[in-house]
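A short worksheet on the structure shown next.
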Amino acid sequence: MKKRIAKLLAVIMIIAMVSTSLAACGKSADTPASTPAASTPGSTGKYYDKSTSAESIVKDAASKGKVGNWGLGNEYEVQALLAKYGQPITFLSQAFDMDGFDNDTILLASAMTYNELGLVKNSYEGGYKYGDKVGIIDMNDEGVAMLEDNIFCTREFAEKNPNTVKAFLYASMKGWEDACNNPEEAAKIVFEYGSSVSSEHQAYMASEVKKLVETDTSGASVKDYGNMDDKALQQTLDLAKKYIQLSDPAAASKLQSMTLDDIRDVSYLKEAMASGGKFGDLEKTSVSIQLKWLPQAQFMGYYVALKKGYYKDVGLDVTIIPGGGDIGETTAVYTGQVDFGVTWVSNLIAANAGGMDLLEIAQVYQRSGLVLVYKLN
Amino acid sequence: MENGYLNTEAGPLKINAAGEVSTKKARARKKAGLNKDAVMTVLYPVLFGILVLVLWQTQVLHKILGTDTFTLPLPGRIINIIFENVPAILKNVQATVIVAVGGLLLGSVLGYFLGIVAMAFPKWGSGGISIASAFTAVPIVAIAPILNNLTKDLSDDPHIRSMLAKTLVVMITCTVSMSINAYRGFTELKPFSLDLMKSYAASKTTIFLKLRVPNSLPYIFTALRVSVPASIISALVSEYFAEFIIGVGRQIRESIVLAQYATAWAYILVACAIGILMYAILLIAEGVILKGRRHR
C-alpha cells in the first residue's frame, strides 16, 4: 500500500513540477510580448478628434496595440505606415467582419474602401451605421500605397498561349470599361452571379471600385484600363522588399534582387489593346480565372464581360472561380488548376520569391483601396 | 499478473512480495526474448524513413508523386530554414506548447473531476458521460472563433486573451476523453474487489481512495494517449483563428497563403516533432509510473 501511495505522490509531484515549469515558461513568454502592447499611455478622449493628425492617431493606436489587419499578405501597407511613424510593425489579427472595430477591440481597423468601409458607414443590411462618425487614413495619401487587384498567369502559360492571353485581356478590359461606365448595372450583374453580400452593398462596392480602377495613387484620372504604371509598381516592389518577411533564406535573397521585369510584362496588354479585337488562332479557348475573394463587385469587370458576351466575342469560354478564406490564388494558377488569377501585387511578389514564376499581365486597380478606419469623438 | 495485482491490493504483505518477484522474473524472461524483436521493430521503420529521405532529396520521390521541388521542397532546404530561424521557431513553438500543455492539464484535471462526479452519482453519471462524449464531435473549427469572442473581455492584452481562448479550445477537447476514461477507471473494477472491500466494511471514501483511484491510473494514461496528440492538433488549429498572430499552426497557414511552401514545410516538421516528443514523454512517464502495474 505504501508503495502505491508513493507512486501516486510521484505522479502528483511530476504533474506539479511540469505545470510550475510551464507556468514559468508562460511568464517569460508573456512579458516581452505584452510590453510593447501596453507601454505608452496616450490619447485624451476615448476616440479621435476630426482635427487629429494621421501621425498622432497611428502613434496612439499603435502604442495601445490596437491596430488591426487581416494579415495573410494584406498587412504590408499597414506595416509600412507604422514604420513611417516609427512604431513597431505588429498588429492585431482582424476577423473578416468589423465586429472588432465596433466593440473597440481594434481602434484603427483595416478596411477596403469598397467593402469594409461601406459596412462601417452605411446602414443597409449588415452595416454598422457609423455614417460620418468615422475618419480614415488613406494609404495613397500617406505614400505607402501598394497596388492591389491585377490579372496574372504563369510566364510559361503566357509564352505558350500569347493569343489567348491577349484575347482574355482585351475582353476583360472591355468588361471593366463597361462596368465603370455603368456601375449600377455591373452591381446587378454581379449580384445575379451569386453574391456574398446584399444588392445595396454590391452597388456601393461598384461605385467605389470604379474610383480605384479610374484613379491613380496621386489622384489623377486614368483612362487606359489595366495600365501598369511603373512608378506605382516600383513603389509596391520597394515596400514589398522592406516588409515581406520571408524565413526561407533562398526566397528572401530572391526577393531582394527582384526587379519589375520579374513580375510583370506590359507587352500582352499593349498588343491586346492595339489589336482591335482580332487575335488569330487562340491556343486555348476554354480558360478559367481564379478570383481573390467571393463574388462581389470587386471583380465586376469579369462578370460584366461574361454576362455581356465579351469573352464569347473573342472566342473564349471563360469560367470564373470565386475565392474566399485561405484560397491561394497564386498556388491555383501556378499548379495549373486555373489559367488566370486576380491577386494583389504584393502576393505575386511573395509567390515569385518563394519559387513560382508568375507574371502580371494587367494592373486593374490603379491605386490602393486600403484605408485605416477610426471612430471620431 | 492478473492475480498479482489483486493480491497486492488486498492480500497480506508476504503474498504481495511473492507476487512482485514472480512478475519481475516474467519480465526478465520476456525482455531477453524481446530484445531482438525490439531492435528489428525500430530498425525497419528507421531504414524506411532514411530510404524515403534519400528518395526525397534525390528528387526520385517527386517523379513518383508527379510533383515539383516547389510544392514539395527538398529536405535540405527545409532543414536549412529551421536552422536559420531558430529563435523565431522557438518563440512559436513555445506559444503552441504552452497552449497545448496548459489545455491538456486543465482539461485532464477537469475531466478527472467530472469522472469523479459521474461516479459519485451513478444514476445519471453514465448517461451524463455518454452525453459528454458527444462533445468530442464538436469541431475545433467551430468552437475556436466562438471562444475568441467569449474571451474578448477577459484581458486587455490580446496576447494573453488569445492564449486563453486557444487554451480553452484545447481544454474542451481534452476534458471529454479524460472524463470518459476516468469514469471507466472508477467503475470497471476487478471482479469481486468491490465485494471484498465491502466485506471489510470499508467506507465509500476508503473504497474510492484505495480501490477506485489506483484502479483509474492506467485509464488516465489511456485517456492521455488520446488527448496528447489531440491537444497538439487543437492547439495548431485554434491558432488559425486566434487574434494574436503566433504559433506553429499559424505560421503554417501564413506561409501557405503566401506561397512559401518551404517555410510551411519547416513548420510542419516542427509541429510533427512537438507531437512525437510529447507522445514520447507520455510513453516514458507511463512506463515509469505504471512499471509492473499494467495488468493487461
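The values are calculated or read from the model by the stated rules, or taken from the named source; none is laboratory data. Just so we're clear, the structure is a prediction, and the values are computed from it rather than from any experiment. Cβ: placed from backbone, ideal geometry, glycine included. Neighbour counts: every protein chain shown. Only protein heavy atoms, including side chains, enter the accessible area calculation; ligands, DNA and RNA are left aside. Shrake-Rupley method; radii C 1.70, N 1.55, O 1.52, S 1.80 Å.
What number of residues within region B:102-132 satisfy the criterion of being surrounded by fewer than 17 Cβ atoms within 10 Å (Cβ to Cβ) and facing chain A (nearest Cβ under 10 Å)?
Looking only at that region, the number is 1.
So, of the residues in region B:40-86 that are within 13 Å of another protein chain (Cβ to nearest Cβ) and among the aromatic types (Phe, Trp, Tyr), which turns out to be nearest to the chain's Cα centre (by Cα)?
By that ranking, first place goes to B:83.
Specify the residue that is nearest to the other protein chains (Cβ to nearest Cβ); the eligible residues are those in region A:345-363 that are in a loop (DSSP other than H, G, I, E, B) and surrounded by fewer than 24 Cβ atoms within 10 Å (Cβ to Cβ).
For region A:345-363, the residue satisfying everything is A:355.
Using beta carbons and a limit of 6 Å, which pairs, at least six apart or on different chains, have the first residue in region B:156-182 and farther than 11 Å from residue B:239 by Cα and open to solvent by 10 Å² or more (accessible area, probe 1.4 Å) and the second one of a type in the set (Gly, Ala, Ser) and not in a helix (DSSP H, G or I)?
Within 6 Å, the pairs are B:157/A:37; B:161/B:155.
Condition check ((1) open to solvent by 70 Å² or more (accessible area, probe 1.4 Å); (2) over 21 Å from the mean Cα position of the chain (by Cα); (3) closer than 24 Å to residue A:143 by Cβ) across all residues:
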residue	(1), (2), (3)
A:215	no, no, yes
A:227	no, no, yes
A:235	no, no, yes
A:245	yes, no, yes
A:274	yes, yes, no
A:277	no, yes, no
A:281	yes, yes, no
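When the residues of region B:140-189 are filtered to those that are modelled with pLDDT of 85 or more and assigned to a loop (DSSP other than H, G, I, E, B), which remaining residue is nearest to the other protein chains (Cβ to nearest Cβ)?
In this case the residue turns out to be B:189.
Out of everything in region A:69-100 that is of a type in the set (A, V, I, L, M) and buried (at least 21 other Cβ atoms within 10 Å of the Cβ), what residue ends up being farthest from residue A:130 (Cα to Cα)?
Step by step, filter region A:69-100, then rank; the result is A:80.
Right, residue B:268: within 22 Å of the chain's Cα centre (by Cα), among the hydrophobic types (A, V, I, L, M, F, W, C) and either surrounded by 24 or more Cβ atoms within 10 Å (Cβ to Cβ) or not assigned by TED's automatic domain parsing to the domain that holds residue B:83 (or both) or not?
So residue B:268 fails the test.
Within region B:222-272, count every residue that is of a type in the set (Ser, Thr, Tyr) and more than 10 Å from chain A (Cβ to nearest Cβ).
Total satisfying the criteria: 5.
On the basis of being free of Cβ contacts under 8 Å to residues at least 40 places away in the same chain, touching an Asp or Glu at 6+ places or on another chain (Cβ under 9 Å) and closer than 27 Å to residue A:220 by Cβ, does residue A:84 make the cut?
Answer is no for this residue.
Being within 14 Å of another protein chain (Cβ to nearest Cβ), within 21 Å of residue A:364 (Cβ to Cβ) and in a helix (DSSP H, G or I) narrows it down to one residue among A:240, A:250; which is it?
A:240
Kindly provide the set of residues from region A:315-334 that are among the aliphatic types (A, V, I, L, M) and either open to solvent by 20 Å² or more (accessible area, probe 1.4 Å) or not in a loop (DSSP other than H, G, I, E, B) (or both), ordered by number.
A:318, A:320, A:321, A:327, A:332, A:333
Would you say residue A:50 is within 13 Å of chain B (Cβ to nearest Cβ), open to solvent by 30 Å² or more (accessible area, probe 1.4 Å), touching a residue at least 40 places away in the same chain (Cβ under 8 Å) and out of contact with any Pro (no Cβ under 8 Å at 6 or more places or on another chain)?
No: the conditions fail for residue A:50.
Within region B:87-101, how many residues turn out to be facing another protein chain (nearest Cβ under 7 Å) and of a type in the set (Gly, Ala, Ser)?
Number of matching residues: 2.
How many of the residues in region B:197-231 are crowded, with 17+ Cβ neighbours inside 10 Å and touching a Leu at 6+ places or on another chain (Cβ under 9 Å)?
Residues that pass the stated criteria total 15.
Return the residues of region A:131-155 that are at positive phi and either open to solvent by less than 10 Å² (accessible area, probe 1.4 Å) or in contact (Cβ under 8 Å) with a residue 40 or more places away in the chain (or both); say none if nothing qualifies.
Selection gives A:143 alone.
So which residues in region A:262-286 are of a type in the set (Ser, Thr, Tyr) and assigned to a loop (DSSP other than H, G, I, E, B), if there are any at all?
If the condition is that a residue be of a type in the set (Ser, Thr, Tyr) and assigned to a loop (DSSP other than H, G, I, E, B), then A:285 is the only one that fits.
Of the conditions (1) of a type in the set (S, T, N, Q); (2) open to solvent by 50 Å² or more (accessible area, probe 1.4 Å); (3) modelled with pLDDT of 90 or more, residue A:40 clears all except one; give me its number.
So residue A:40 meets the others, but not (3).
Just wondering, is there one or more residues in region A:287-297 that are assigned to a helix (DSSP H, G or I), at pLDDT 90 or above, within 22 Å of the chain's Cα centre (by Cα) and closer than 30 Å to residue A:198 by Cβ?
yes
Can you pull out the residues in region A:64-77 that are within 13 Å of chain B (Cβ to nearest Cβ) and at negative phi?
Hits for region A:64-77 are A:64, A:66, A:67, A:68, A:69, A:70, A:74, A:75, A:76.
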